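Inspection log for the structure reproduced underneath, given as structure tokens.
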Amino acid sequence: MIHSKVTVVFCGEEYSVSPDTGLTIGRTGDVEVDDNPYLHRTFLVVSFENGFWWLSNTGSTLTATVADEQGLFQAWLNPGAKIPLAMRKLIVWFTAGPTTYDFEVHVASPAFKSVTADPPEPTDDDEVGAATVGRVSFTPDQKLLVVALCEPFLRRREAGTSQIPSSAVAAERLGWTLTRFNRKLDNVCQKLADAGTRGLHGGVGKLATNRKARLVEHALSTKLVTEDDLALLDAPDSTEPTPHTDVENRRADRMVAAEQGNA
């Protein structure tokens, strides 16, 4: 049987995967990610089964986000789950403790081919000054918040490791108060959760750090923000609210408050 060549790329190093033995990824795997006590010894496994290459989550607590390079496909890989490596290039993100990691999986002869989709033309119904991603429209301030959290990853040139900024650091980067930052973070997460994005709801056991990690993984994997958006952080008036933005922010705040009150 002829197997498609599969390669894992992490921190500039390439690891060829044997169909006979597979490849383990974790704290002490074939790909030693990091000496991080929050990371499983063996977290992810690349294997060849039943004529397909698979990526499996063999951990007990951590999840991974898997996406194609165009942001058209995304899967959330829970413990015990696995997905076929059916595309030419997949990017995998996961967070262990304070650190978020990403690596690439290259498949020489994938079972499926990604098709680039042209973005839809804006309509008259689109809100002025809002950034639309899928079914979710963000105010300029909400878009800035996501860019600030993703900044360390957007400035990197290759797959590897980065730490998500703390709320205090991100708020200072934007020139906001911490209260303002946290309020807008609530609004962003609520909007995405309402649109079907998993892992963003607060509640018992859902700490802000975990929620921010999931937000960053989702934003990067779906191309919600890209390297071009870094220019927004350096715009001289990027943190100055406009009348339209203030109205939208107050409206969003009232909606979130009402939903929380009815919860």
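The values are calculated or read from the model by the stated rules, or taken from the named source; none is laboratory data. Only a predicted model underlies this, so the values are computations on that prediction, with no experimental measurement involved. Because the Cβ atoms are built from the backbone with ideal geometry, glycine has one as well, and the counts that use them run over all protein chains shown. The accessibility values were calculated without ligands, DNA or RNA, using every heavy atom of the protein model including side chains. Shrake-Rupley method; radii C 1.70, N 1.55, O 1.52, S 1.80 Å.
For the reader, a short list of remarks on this structure follows.
- In this structure, Asp102 does satisfy being touching a strand residue (DSSP E or B) at 6+ places or on another chain (Cβ under 7 Å), at pLDDT 90 or above, open to solvent by less than 80 Å² (accessible area, probe 1.4 Å) and closer than 25 Å to Arg157 by Cα.
- Once segment 71-88 is narrowed to residues that are open to solvent by less than 20 Å² (accessible area, probe 1.4 Å) and in contact with a Phe, Trp or Tyr (Cβ under 8 Å, 6 or more places away or on another chain), the residue that is modelled with the highest pLDDT is Leu85.
- Of the residues making up segment 148-169, just one is open to solvent by less than 30 Å² (accessible area, probe 1.4 Å), within 14 Å of Leu230 (Cβ to Cβ) and free of Cβ contacts under 8 Å to residues at least 60 places away in the same chain, namely Pro165.
- When residues in segment 37-58 are screened for being open to solvent by less than 60 Å² (accessible area, probe 1.4 Å), among the polar types (S, T, N, Q) and touching a Pro at 6+ places or on another chain (Cβ under 9 Å), 2 of them pass.
- First in segment 204-225 and over 18 Å from Phe73 (Cβ atoms) and hydroxyl-bearing (Ser, Thr, Tyr), second anywhere and at pLDDT below 80 and open to solvent by 20 Å² or more (accessible area, probe 1.4 Å), Cβ under 8 Å, 6 or more apart: none
- Boolean, Pro110 is open to solvent by 20 Å² or more (accessible area, probe 1.4 Å) and at pLDDT 90 or above: no
- Those residues of segment 170-199 which are surrounded by 14 or more Cβ atoms within 10 Å (Cβ to Cβ) and modelled with pLDDT under 80, in sequence order: Gly199
- Scanning segment 59-70 for residues that are surrounded by 19 or more Cβ atoms within 10 Å (Cβ to Cβ) and more than 27 Å from Thr226 (Cα to Cα) yields a count of 1.
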